[in-house]
Amino acid sequence: SDLRLVVTRKMYDQGTLLSHSPSMAGLAAGASAALNPALFASLGLEDDDEIKLTSQVGSIVVPARSDAGVPPGSVAIEFNQPNASAGRLLDFRRTVTTVAVERVS
């Protein structure tokens, strides 16, 4: 079933100022997909197992993690991180993005 995609921000990402600062450029930790614990368990996932998120316009592969703060029916991912571009999932002509989740590893 499709899940609502929630894109969040981290303090450290691949923004212009951070990217051009040698002492801070490595602070962007990378994106992960946060799933509600019930969905996480139903997929048989362990923390850092890879999952594929596929939207109407693209797909990415990211590590998964369980997060009780994520409501059922949604998945959260950080924007502008070095290991995965959440922007590849977004169609800015739509107000809501849905994604399908499949286990990779």
Note: segment 47-105, point scatterers on Cα, Debye, no solvent; log10 I/I(0) at q = 0.15, 0.19, 0.23 Å⁻¹ equals -0.43, -0.71, -1.04
Heavy atoms of the protein only, probe of 1.4 Å, neighbouring chains included. What is the accessible area of Val104 in Å², nearest 10?
80
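The values are calculated or read from the model by the stated rules, or taken from the named source; none is laboratory data. All values derive from a computational prediction rather than experimental measurement. These accessible areas exclude ligands, DNA and RNA; they are computed on the full protein's heavy atoms, side chains included. Shrake-Rupley method; radii C 1.70, N 1.55, O 1.52, S 1.80 Å.
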